[in-house]
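Read through the structure below, which is laid out as structure tokens, and then see the notes.
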Amino acid sequence: MPKKISIIGSGFSSLSAACYLAKAGYEITVFEKNIKPGGRARQLKRDGFTFDMGPSWYWMPDIFDKFFADFNKKTADYYSLDQLSPAYKIFFSDDIITIGDSLEKISEEFERIEPGSSKPLKKFILKAKENYSIAIDKVVLRPGISPFELVTKETILKVDQFFKTISSEVRKNFKNKKLISTLEFPVLFLGAKPNKTPSFYNFMNFADFGLGTWHPKGGMYEIIKAMLSLAEELGVTIHTNSAVEKINIENRCANGVTIKGKTIFSDYVLSGADYHHSETLLSKEYRQYSEKYWSKKTFAPSSLLFYIGFNKKLRNIEHHNLFFDTDFEQHAEEIYDEPKWPTDPMFYANFPSVTDESMSPTGCETGFFLIPIAPDLEDTPELREQYFNLMMKRFEQKTKQTVKDHILFKESFCVSDFQEEYNSYKGNAYGMANTLSQTAFLRPKLKSSKVKNLYFTGQLTVPGPGVPPSLISGKLVSELIIKANK
Ligand SMILES: Cc1cc2nc3c(=O)[nH]c(=O)nc-3n(C[C@H](O)[C@H](O)[C@H](O)COP(=O)(O)OP(=O)(O)OC[C@H]3O[C@@H](n4cnc5c(N)ncnc54)[C@H](O)[C@@H]3O)c2cc1C
């Protein structure tokens, strides 16, 4: 009889693990607390507008290709992809930088800002490319069990890059503040400040300038839909509206979950819910990490988000737009060093309907606005409105148009929603940051050291935050389970 596995949550990591484990012959049941699957990548549909509620940047297309190839499929079997051109636009206080869809175009833009800068840029991206192949082929596919996983002949040659920061590396090569912010932006996806992120992680710059920014037609939720179809083809059962209340243990071995007071048996339990929450489903003696452990960790930011339907097409915008027209350093300090609502925040605005007309009604624009903020901040309707007004004012000034009078509806999402909807620790949006002391084997473990047959996956484990790492996390944990059962 095939062994049964209960999987908690239906985010990217859980769905990835579900597919790999079902392919290996296990009987998989996924339990998701929310009505819709997809976790932080859920979709909001309203009055003909389509919003991705979380991720919107499709980076590292090779990782998605590899995931589907593991099942003899292609992304094209499920969704169609467009490379965005330009990839994105950055508004600064005195200029706008446009990031094109090739290194050549980006180099020209760098030259316009800082003559002579295209040469160090090309060198920097070449190094980033080397790091990308080492990271993807040699480092991230390790389960984070031992420090020796990081020791390969390639990483030994780059060991200094684990002790220098991305910030110092960028500043060594570029003097212009706008170019520095442009090159520091991609590591924000890893959840920490650039001056706390090892320079080895500049492989994110290759992901950005080398591999390009893509858009699945219909939005990022198309990937979730693809994974749900694949999971169904592989025989996975998914129950939504099914919050797990308890992970059941017998003789220090996980043997199922409790939902709505009902015990459901399985041979293994795998949780893709936030790690801290998953451990609260166990009695204290079975938890590996104390409250003190979690409170000392650097968490990735939370976010204040707005999903807005506009009744007209907007001007002077691209699909992805970054508003770095305020002090990058100060905002970062207010997220990580002295957590408080930001004085003068940077923000991000996404208009998928600029390139994909299926995302909004004709003549309208779908708008997603995001302000990164520290986790665990006070979250009130008044604060949300205050920051909404501040952001709209700056958006109108920078894009030279009125938009506030053209809003059909707006919905917001912030710290308390992350906590309520996803059981997220302190309302974090992107899990635990990838700093040097929170990398690889130093991250929360995929396998419980206290309970047999209990496993964890997701953005708080290895390799870390983001959609591609979550896909990899599901693969890594499934390999551990399959190996343990051989
Ligand atoms: C606003 C935002 C923007 C982002 N932008 C990007 C981007 O542009 N590109 C990118 O690559 N990444 C981005 N990310 C990060 C990316 O979305 C995440 O890293 C990834 O989706 C995390 O997947 P996961 O499986 O680890 O967790 P989750 O998606 O959080 O899945 C966990 C699931 O567990 C469920 N759950 C919790 N408790 C229980 C319980 N007791 N019982 C049953 N189910 C439970 C939750 O409801 C949830 O569905 C973004 C994230 C956010 C929030």
Of the conditions (1) farther than 29 Å from Ser283 by Cα; (2) surrounded by 23 or more Cβ atoms within 10 Å (Cβ to Cβ); (3) more than 10 Å from the ligand (Cβ to nearest atom), the single one that Pro469 does not satisfy is (3)
Restricting to region 224-274, count the residues that are more than 14 Å from the ligand (Cβ to nearest atom) and charged (D, E, K, R). 6
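Please determine, by comparing only the residues of region 235-279 that are in a loop (DSSP other than H, G, I, E, B) and of a type in the set (Ser, Thr, Tyr), which one is nearest to Asn453 (Cα to Cα). Lay out the reasoning, then the answer.
Step one: list which residues in region 235-279 are in a loop (DSSP other than H, G, I, E, B), which gives 235-236, 240-243, 251-252, 260-261, 266-267, 272-274.
Filter once more, so that each one left must be of a type in the set (Ser, Thr, Tyr): 240, 242, 266.
Details: Thr240: 23, Ser242: 21, Ser266: 10 Å.
Across region 235-279, the extreme among qualifying residues is Ser266.
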Within region 371-420, residues touching a residue at least 40 places away in the same chain (Cβ under 8 Å), under 25 Å from Glu338 (Cα atoms) and among the β-branched types (Val, Ile, Thr) come out as Ile371, Ile373, Val415
Could you check region 91-150 and list, in sequence order, the residues that are in the same structural domain as Ile166 (by TED's automatic domain parsing) and aromatic (Phe, Trp, Tyr)? Phe110, Phe124, Tyr132, Phe148
Given the criteria under 17 Å from the mean Cα position of the chain (by Cα), of a type in the set (Phe, Trp, Tyr), buried (at least 22 other Cβ atoms within 10 Å of the Cβ) and within 11 Å of the ligand (Cβ to nearest atom), does Phe12 qualify? yes
Please identify the pairs in which a residue from region 244-268 that is farther than 16 Å from Asn423 by Cβ has its Cβ atom under 7 Å from the Cβ atom of a residue that is aromatic (Phe, Trp, Tyr) and not in a strand (DSSP E or B), counting only partners at least 6 apart or on another chain. Ile249/Tyr286
Region 457-486: number of residues that are over 22 Å from the mean Cα position of the chain (by Cα) and in a loop (DSSP other than H, G, I, E, B): 2
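The values are calculated or read from the model by the stated rules, or taken from the named source; none is laboratory data. Just so you know, these numbers come straight off a predicted model, no measurement behind them. Quick reminder, even Gly has a Cβ in these numbers, built from the backbone with ideal geometry, and neighbours come from all protein chains shown.
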